[in-house]
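Here is the structure we will look at, set down as structure tokens.
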Amino acid sequence: MLEVIKNRRSVRSYKESPVEEEKIKEIIDCARLAPSARNVQPWKFVAVTRRERLQELGEILDTGPFVTGAPLCIAVFCEDTKYFLEDGCSATMNILLAAEALGLGACWIAGDKKPYQEQVSRLLKAPENYRLVSLISLGYPREEAPGKAKKGLEEVFYREEFS
Ligand SMILES: Cc1cc2nc3c(=O)[nH]c(=O)nc-3n(C[C@H](O)[C@H](O)[C@H](O)COP(=O)(O)O)c2cc1C
């Protein structure tokens, strides 16, 4: 688990090979087991694999045009509850870690706060009371993701209080 967490990096370029159905199911199964406030589990997950639809998504998502080249995109929706955003992010993180554990590359694409959320909701026929939290593009990585610079432990870690 620690290795999975430490090795995960956003991957935006994918091989053409599809993601196996069992893997898709396994990833969504991990997503649904995420923690949620008061265990409300307000989420629904839409896995998109149809090429034309991925193409359409790629055209809509200004910060995720690479979805067009992905064999799979999972959209995370949550019912409009008090902690919908935290809950949806919690499930999104499980998706990213499950993907890494299964040898897949993935990238979190913003959903909430983006002007395209309405358009995505319409395209995926989301019910009125569901809000788009995130989209995750997935596939077998085409190449090793360049490691993003991360803040060092000493820069972010305090004991007892800020010092
Ligand atoms: C809330 C959130 C929204 C993000 N939205 C996008 C996005 O729209 N497009 C994108 O390419 N990456 C997006 N990312 C991925 C970040 O750019 C990436 O996690 C960050 O640069 C650190 O790189 P790493 O994931 O490789 O550690 C998002 C990440 C988070 C947490």
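The numbers here are math on the coordinates, done by the rules we state, and not lab data. What you see is a predicted model; the values in this text were computed from it and never measured. Note that each Cβ is placed from the backbone with ideal geometry, even for glycine, and that neighbours are counted across all protein chains shown.
Scanning the range 91-117 for residues that are away from the ligand (no atom under 12 Å from the Cβ) and among the small types (G, A, S) yields A91, A98, A101, G103. Consider the range 53-68 and keep the residues that are free of Cβ contacts under 8 Å to residues at least 60 places away in the same chain and buried (at least 17 other Cβ atoms within 10 Å of the Cβ). The one that is farthest from the ligand (Cβ to nearest atom) is L54. Evaluated against (1) farther than 23 Å from P35 by Cβ; (2) crowded, with 19+ Cβ neighbours inside 10 Å; (3) within 12 Å of the ligand (Cβ to nearest atom), I136 falls short on exactly one condition, (1). If you check A47 against the conditions, is it outside any helix (DSSP H, G or I), of a type in the set (G, A, S) and under 14 Å from the mean Cα position of the chain (by Cα)? When the stated conditions are applied, A47 passes them. Sub-9 Å Cβ pairs linking a first residue in the range 116-135 that is in contact (Cβ under 8 Å) with a residue 12 or more places away in the chain to a second residue that is part of a strand (DSSP E or B) and of a type in the set (D, E), at least 6 apart or interchain, are N129/E79; Y130/E79; R131/E79, ordered by first then second residue.
Restrict the check to the range 25-41 and report whether at least one residue is in contact with a Cys (Cβ under 8 Å, 6 or more places away or on another chain) and not in a helix (DSSP H, G or I). Checking the range 25-41: not a single residue is in contact with a Cys (Cβ under 8 Å, 6 or more places away or on another chain) and not in a helix (DSSP H, G or I).
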